[in-house]
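> Right, I'll just put the structure down here and ask away after.
The values are calculated or read from the model by the stated rules, or taken from the named source; none is laboratory data. Quick caveat, the model's predicted, so the values are computed rather than measured. Here Cβ is always computed from backbone atoms with ideal geometry, including for glycine, and neighbour counts include all displayed protein chains. Ligands, DNA and RNA are excluded from the accessible area calculation, which covers all protein heavy atoms including side chains. Shrake-Rupley method; radii C 1.70, N 1.55, O 1.52, S 1.80 Å.
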2 protein chains.
Amino acid sequence: MPELRKDPVIDRWVIIADNRGERPRDFEIAPRRSTGRLCPFCEGNERETPNEVQSVRDPGSSPNGPGWKIRVVPNKFPAVCDGDLGKPPAYDDALCHAEPAHGVHEVIIESPRHVSSLTQLTKDEVVLVLQTYRRRFEILESHPGLSSVMLFKNMGAEAGASLEHIHSQLIALPMIPSLQAAELQGAKAHFDASGRCVFCRMLLSESVSPRGVLGSERFTAFCPFASRFGYETWILPNRHVSHFQRITDDEIVDLADVLRKVLKAVETAVLPPAYNLVFHTAPLGDPPLEYYHWHVEILPAFAKAAGFEWGGGFHINPVYPEQAAQELRQTLEKTPESKDESIRQTEANSERLPMP
Amino acid sequence: MPELRKDPVIDRWVIIADNRGERPRDFEIAPRRSTGRLCPFCEGNERETPNEVQSVRDPGSSPNGPGWKIRVVPNKFPAVCDGDLGKPPAYDDALCHAEPAHGVHEVIIESPRHVSSLTQLTKDEVVLVLQTYRRRFEILESHPGLSSVMLFKNMGAEAGASLEHIHSQLIALPMIPSLQAAELQGAKAHFDASGRCVFCRMLLSESVSPRGVLGSERFTAFCPFASRFGYETWILPNRHVSHFQRITDDEIVDLADVLRKVLKAVETAVLPPAYNLVFHTAPLGDPPLEYYHWHVEILPAFAKAAGFEWGGGFHINPVYPEQAAQELRQTLEKTPESKDESIRQTEANSERLPMP
């Protein structure tokens, strides 16, 4: 039976309608063919990208040559440009307001090998990726005129990736994007009313709910109550901290493990594998916030957004989060190394177990 | 050069970055193949759908048999269900709030022929379609427990259509979707501050701007200043009216003509043709609102939404609205019947002509 669910942080409703998966389709869903062109992100093709601004390199290798593990380069086709700070707005009246697109748009190339997913990297390689993310945030904190950083990964053509080779993108802007602003506002309202961080409360309740997916020493993964997408999964640090860049070395090691396992389970459930992975974190210049809690959202491209989503900001999700979490837990239990950590539940809809 | 633009109604920024269209792609964009299964919407296959609740029929034909021009049927895979009104919420605490999915989900099958676009119907057929839309709104106004109606059309697999045969969908809900709520709130704030309807102001300025596309006696089409999608086009009635269902017979005839012409131009620009068409209208039970103005938004599936869009509510649009409008005007001028109505501009960025 369909159900209308309200997000606890922002004023956003979703319809969970598990009958919608049975709909007939005129169009086949097939993996996209690769065009087979030269990959600008592969080792040896460094000249195809702008010069690197950061890298993890073998001793003795030269910048913008081979011998690297991770490269950070400016986006060759940037959505925003550094250096426009202080220019006057191009339009500024009651109906038209525009600003120069000041900002930073970078690409983090996460492996010299032509692979497409974090699940194809070793745990140690994912640790290097997360350390690189942290370093970029630290550097952007002292960059003039920036308020927000969006760090995201588009995996798979169905999720909007234009290149197959594993990479993430980072867009830093002089303003707070509207969804992030709504999330901050909703979290603050919750804190003002209850004296508690809404995400800390979620950690306590979701980890022992039928929506729990995996609990490690330092992170918790669950399918959120008002999931917009089938198999949507959030990963929260167990420690309350508002800014991603305050992640500790121990937390990075733990998150590398959790990310690989959870993504592997999502890639088993969503075929062909396609998702957006988004880091949600507090604004750059803000002090530590007691009402906000950084986290990762994995948003599978399970059902295409259409008129209802774009017209109303209202999502129809064909998979109950409780069902999605159960499937993800089952996949995790079949993976020997993660068996101990998965949140096991014999009766998904009733039994509530403490965290391992 | 990229530009950051702010929507005049809701607090939503977009990045216009016309350099992004040159990006390399690993994945080919190919039209999806049809699965070739039986079409449940074709004439003769009426038993494949639930029983019709409204239709335009040839004299002497029987309901749910052949001999129709338009059929309205309940969605066989509904996202919401009538009859759940008054049931208690399934969840109701600080973190989880859910309500039974009370509402109406209908499909409007707009031709007995297996065509996919309004541009393949005659003007008289589109008039029948618009009259049917109006009638559904009138009927839903007296339906208990409903606040909003979302009327939308998904055209093309890339825009989320699951069936090719021409149809629209209507979802009526007990609450106002978040985007609609933000739009109403923004429009009211504009009215409170200026004493004027923000959409009436747009009509005056956009029709003579480089973003104007087509002006008829009763409707105006333009590419909005802060377009989220390439070739995004809005159609507004020249007369201030908040509720779509108050459209007059004369306006329906005019809109049928404008819709066909504008959609034809969009289908020439966006290949393969794919878009969402969404009716924006005031809440069902509201009196006429002086601050709100119903309109149609055509949202082409030109660039796929990805992590940035889903994570931040922030769109990157690779086509400047001024450029999009110029292309659409040029297509319209090549169409003999619409030549007189297109907003012609020799110097798109400077000359401002009065409406024809």
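> Can you tell me how chain B classifies by the Cα gyration tensor, rounded, prolate or oblate, using a/c under 1.5 as the rounded cut?
rounded
> Then there's this: Which FRET efficiency, nearest 0.05, do B:Asn51 and B:Val115 yield, Cβ-Cβ r, R0 35 Å?
0.90
> Okay, moving on. Is there a simple number for the mean count of other chain Cβ atoms within 10 Å of the Cβ of residues in A:275-287, and what is it?
That average works out to 2.
> What is region B:198-258's relative contact order, in percent, from Cα pairs under 8 angstrom and six or more apart in sequence? Kindly include the intermediate steps, with their values, before the conclusion.
Numbers: 66 pairs, mean separation 17.6, N = 61.
Relative contact order comes out at 29 percent.
> To one decimal in nm, how far is A:Ser61 from the same spot in the other copies, if labels go 7 Å from Cα toward Cβ? Please give the shortest first.
Values, ascending and in nm: 6.8.
> Considering only protein heavy atoms, what per residue accessible area in square angstrom results for chain A with a 1.4 angstrom probe?
37 Å²
> Using only protein heavy atoms and a 1.4 Å probe, how much accessible area in total is buried between A and B, to the nearest 100 Å²?
By this definition, chains A and B bury close to 8300 Å².
> Put a label point 7 Å from Cα along the Cβ direction on A:Arg135, then list its distances to the equivalent points in the other copies in nm, shortest first.
6.7
> Give the Cα extents of region A:46-104 along the principal axes, in whole Å, largest first.
For region A:46-104, the Cα spread along each principal axis is 56, 19, 14 Å.
> Here's another thing I want to ask about it. With each label point set 7 Å from Cα along the Cα-Cβ vector, what nm distance links A:Leu271 and A:Asp286?
That separation, rounded to one decimal, is 4.1 nm.
> Given an 8 Å cut-off on Cα distances and at least 6 residues of separation, report the relative contact order of chain A as a percent.
Contact order relative to length: 19 percent.
> Within 10 Å, count the other beta carbons around each residue, average over each peptide in A:283-290, B:205-212, and list them highest first. The partial results should precede the final answer.
Values: A:283-290: 14.2, B:205-212: 23.0.
The most tightly packed comes first, giving B:205-212, A:283-290.
> Give me the tail of P(r) for region B:118-202 as a percent: Cα-Cα pairs with distance above 21 Å. Before the final figure, lay out the partial values.
Values: 1909 of 3570 pairs.
For region B:118-202, the fraction of Cα-Cα distances above 21 Å is 53 percent.
> Normalise the Cα radius of gyration of region A:168-236 by 2.2 N^0.38 Å (N = residues in it) and let me know the number.
In units of the globular-protein estimate, region A:168-236 measures up at 1.28.
> Hey, got the average number of other protein chain Cβ atoms within 10 angstrom for residues in B:223-233?
Neighbouring Cβ atoms belonging to other protein chains average 1 per residue here.
> Separate question: For peptide A:87-95, how many partner chain Cβ atoms fall within 10 Å of a residue's Cβ, on average?
What the average comes to for A:87-95 is 4.
> Additional query: What is the calculated FRET efficiency for A:Asp92 to B:Tyr91, with r their C-beta to C-beta distance and R₀ = 45 Å, to the nearest 0.05?
It comes to 0.45.
> What residue of chain A has the nearest C-beta to the axis that moves A onto B, and what is that distance in Å, given as a whole number?
A:Ala305, 3
> Run the quick spin-label model on A:Asp192 and B:Ala189: label points 7 Å from Cα toward the beta carbon, then report their separation in nm to one decimal.
1.5 nm
> How many Å³ per residue does the convex hull of the Cα positions in region B:119-272 occupy?
140 Å³
> Of the cross-linked pairs A:Lys153/A:Lys188; A:Lys87/B:Lys6; B:Lys264/B:Lys334; A:Lys69/A:Lys334, which ones have a Cα-Cα span greater than 22 Å in the structure shown?
Over 22 Å apart, Cα to Cα: A:Lys153/A:Lys188; A:Lys69/A:Lys334.
> Counting only DSSP beta bridges with both residues in chain B, what percent are antiparallel, rounded to the nearest 5?
90 percent
> Please tell me the relative contact order of region A:255-338 in percent, rounded to the nearest whole number, where contacts are Cα pairs under 8 Å and at least six residues apart. Don't jump to the answer; show the numbers that get you there.
Values: 61 pairs, mean separation 26.9, N = 84.
Here the relative contact order equals 32 percent.
> Leaving ligands, DNA and RNA out of it, work out the accessible area of A:Arg218 with a 1.4 Å probe and give it in Å² to the nearest 10.
My reading of the accessible area for A:Arg218 is about 70 Å².
> Now for a different question. Place the label 7 angstrom along Cα→C-beta at A:Ser194 and in each other copy, then list the distances from the first to the rest in nm, shortest first.
For A:Ser194, the inter-copy label distances come out at 4.0 nm.
> Ok, one more. Taking Rh as the Kirkwood radius computed over C-alpha pairs, what is the Stokes-Einstein D of the protein assembly as shown at 20 °C in a medium of viscosity 1.002 mPa s, expressed in µm² per second? Present the calculation step by step, with values, prior to reporting the outcome.
On the way: Rh = 26.6 Å.
Calculated translational D: 81 µm²/s.
> Still on this structure, please answer the following. Only four residue types carry charge here, +1 at the Cβ of Lys and Arg and -1 at the Cβ of Asp and Glu. Report the dipole size of region A:75-129 about the Cα centre in Debye, rounded to the nearest 20.
For this selection, approximately 300 debye.
> Another question, then. Search the structure for amide H atoms under 5 Å from the amide H of A:Arg12, placed 1.01 Å from N in the peptide plane, and list their residues when 5 or more places away or on another chain.
Sorted by chain and number, the residues that satisfy this are A:Asp7.
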